[in-house]
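Single-structure report; data block below.
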Amino acid sequence: MNAWKRNLYILMVCQFLVFGSMSMVMPFLPLYLKELGLEGQETIQFWAGIIFGVNFLSQFLVAPLWGSLGDRYGRKIMVLRSGFGMSVILCLTAMVTNHWQLLALRMLNGLVSGFIPASVSLVATNTPKENVGRSLGMLQSGAVGGSIMGPFIGGILAEIVGFRQIFFLTAAVLCLATLVVLVAVREEFKPEGQNRTGGLWQSGKRILRDPRLQVLFSVAFLLQFAMLGPMPMMSLFVEDLGVPGGYVAFFAGLVAAAMGAANMLASPLLGRWGDRIGSGRVLLYAMIGAALIFVPHAMVLSVWQLLALRFLLGLCAGGLLPSLNAMIRRLAPQGMESTAYGFSTSAVSLGNMLGPVTYGYLSGIIGIRGVFLLTAGLLAANAVWLGRSLKKRASSEADGNSRYRSTA
């Protein structure tokens, strides 16, 4: 088996383990805060939001630094740094005695995190360009599969062993995945861009001055802002719709799982399609499809209709971030791929942080159904912007080719 295929399959499994282990505990954060002694529903919800979001804030600040170091010293070592670092922090999280300690550890976790973007960068730079889209789609499938199974397993374990033991278990699984990477993954690393980049400052300026990458980073932010923003409200929306037997938690989980399962199925297929027709086109079509599907979200009358729409949305979501990552791989300067992924991770983290906060505020003004229409509008505007950028890029490349032929 080719080395790049072996790395892909190993990292796909590791993505499943990492996402599965991390998502075993985060959905139950409010209950853990209650166990730590916080009282009052509003107080617990406030601190849960702060503690959840601070991880993305610190990740937003340091992701370009880790990306730059990955370009200099290798992407595999960044995976190992993140995996072992987060394992230690999760062990400490199981020992906290108050919410301030938990807040500090979540911030520290964001500072050392980067397992997923480093894995994406490693696969993207060690895979033949004609297979990048399919490979990144498979990585996405592994991550989404873990995010589906994690809350289900975590809910069972919480009833059996309690929340603190889950943190220890999560740390053990994450450490195991990192050890597998240490032993089994082989990276072909050539720091050929090291002498040219001049450090994070110089390489960062070069990347941020590229108008094509500027567009992609902005698209990444808006995608996460729009797609993640409504998610915390889905359980409330399910409750408003009414469910058979009153099993709100079960059907809320089923709604999330339907979207995740569709995403997992579609990612490799859309990635392969992107290798054939261009990842930019797949990203554009998937964004348009997601915008159109969000419109009937505002009109559903039953949980079964919502389930069908979330499944269709998941099919479109499978072509979003993998296609975006494939485009970044093709457009990033040689030797600066990890730095580019670092800036992309910062944009995604900012969207993850601001989306739920902004949508939570707006839902009190326009309601959950209005939020769905707002998301459709944001995605449509994002698609128009991306489409114009792709058209402008194609036009400039055509002009360049015609000038070359005229001088040849």
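The values are calculated or read from the model by the stated rules, or taken from the named source; none is laboratory data. Every value quoted in this text rests on a predicted model; they were computed, and no experiment measured them. In this analysis, Cβ positions are derived from the backbone assuming ideal geometry, glycine residues included, and neighbour counts consider all displayed protein chains. Accessible surface is based on the protein model in full, side chains and every heavy atom, while ligands, DNA and RNA are left aside. Shrake-Rupley method; radii C 1.70, N 1.55, O 1.52, S 1.80 Å.
A quick yes/no check of all residues on (1) small (Gly, Ala, Ser); (2) under 30 Å from residue 37 (Cα atoms); (3) open to solvent by 40 Å² or more (accessible area, probe 1.4 Å); (4) at pLDDT below 90:
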| position | (1), (2), (3), (4) |
| --- | --- |
| 120 | no, no, no, yes |
| 125 | no, no, no, yes |
| 176 | no, no, yes, no |
| 192 | no, no, yes, yes |
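Looking at the range 381-396, is at least one residue modelled with pLDDT under 90, touching a Lys or Arg at 6+ places or on another chain (Cβ under 8 Å), farther than 26 Å from residue 138 by Cβ and open to solvent by 40 Å² or more (accessible area, probe 1.4 Å)? Scanning the range 381-396, I find at least one residue that is modelled with pLDDT under 90, touching a Lys or Arg at 6+ places or on another chain (Cβ under 8 Å), farther than 26 Å from residue 138 by Cβ and open to solvent by 40 Å² or more (accessible area, probe 1.4 Å), so the answer is yes. Here the condition is being assigned to a helix (DSSP H, G or I), touching a residue at least 24 places away in the same chain (Cβ under 8 Å), farther than 18 Å from residue 96 by Cβ and open to solvent by 50 Å² or more (accessible area, probe 1.4 Å); of 52, 19, 56, it holds for 19 alone. Identify all residues within the range 27-49 that are surrounded by fewer than 16 Cβ atoms within 10 Å (Cβ to Cβ) and in a loop (DSSP other than H, G, I, E, B); write none if there are none. If the condition is that a residue be surrounded by fewer than 16 Cβ atoms within 10 Å (Cβ to Cβ) and in a loop (DSSP other than H, G, I, E, B), then 37, 39, 40 are the ones that fit.
Which of the residues belonging to the range 94-108 are in a helix (DSSP H, G or I) and open to solvent by less than 10 Å² (accessible area, probe 1.4 Å)?
Pass one, the range 94-108, residues in a helix (DSSP H, G or I): 99-108.
Selection gives 102 alone.
Note on the range 260-346: enclosed helices (runs of 4 or more DSSP H) holding 2 or more residues that are touching a Leu at 6+ places or on another chain (Cβ under 6 Å) and buried (at least 21 other Cβ atoms within 10 Å of the Cβ) are 279-297, 321-331.
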